[in-house]
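The values are calculated or read from the model by the stated rules, or taken from the named source; none is laboratory data. Source: prediction; values computed, not measured. Heads up, the Cβs are rebuilt from the backbone with ideal geometry, glycines too, and the neighbour counts pull from every protein chain shown.
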Amino acid sequence: MFGEALARLYADKHGMSVACLRIGSFRREPEDARQLATWISPRDMTELVRCAIEAPPYHYLTLYGVSANTRARWDNPDAALIGYVPRDNAEAYAAVLESKAPAASDPAALFHGGSFCAMEWSGDADEID
């Protein structure tokens, strides 16, 4: 949030075009059931960045870096302002990933930040990819 606030300051004070990208799960393909909602493919990520750079002038935007996932959690209305239209959908991986779904009692599945927000997560270097 600090980065977004600083970016907004520069947009307001110096007239810059600033796009803050809130990147979901940037992987070659989704790795678990949670990422069926948050995944952005390499092709869509490339397109999002291209659109943010090449768009006609804009002031300040906050955009979610997410593909056209059927289960997407976030609205992305400003994406149209820069011409970003995602093409991939994590649903193509759903049948395989749903067999790996976390138990309904797993609190990490409920958090916006996923398992990184669970009390048990220690931040060990081996767990970070």
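Overview of results
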item: Enumeration of residues in the range 67-81 that are surrounded by fewer than 17 Cβ atoms within 10 Å (Cβ to Cβ) and outside any loop (DSSP other than H, G, I, E, B); result: 80, 81
item: In the range 82-96, the residues that are surrounded by fewer than 15 Cβ atoms within 10 Å (Cβ to Cβ) and either β-branched (Val, Ile, Thr) or touching a residue at least 12 places away in the same chain (Cβ under 8 Å) (or both); result: 83, 85, 87, 96
item: First in the range 20-32 and in contact (Cβ under 8 Å) with a residue 12 or more places away in the chain, second anywhere and assigned to a loop (DSSP other than H, G, I, E, B), Cβ under 7 Å, 6 or more apart; result: 24/66
item: Residue that is farthest from the chain's Cα centre (by Cα) [pool: residues in the range 1-14 that are exposed (fewer than 13 other Cβ atoms within 10 Å of the Cβ), of a type outside the set (Lys, Arg) and farther than 22 Å from residue 50 by Cβ]; result: 14
item: Residue 19 being in contact with a strand residue (DSSP E or B) (Cβ under 7 Å, 6 or more places away or on another chain) and at pLDDT 95 or above; result: yes
item: Matching residues in the range 22-49 - criterion: being among the hydroxyl-bearing types (Ser, Thr, Tyr) and either at positive phi or assigned to a loop (DSSP other than H, G, I, E, B) (or both); result: 41
item: Looking only at the range 15-66, and only at residues there that are touching a Ser or Thr at 6+ places or on another chain (Cβ under 6 Å) and surrounded by fewer than 17 Cβ atoms within 10 Å (Cβ to Cβ), the one that is nearest to residue 1 (Cα to Cα); result: 58
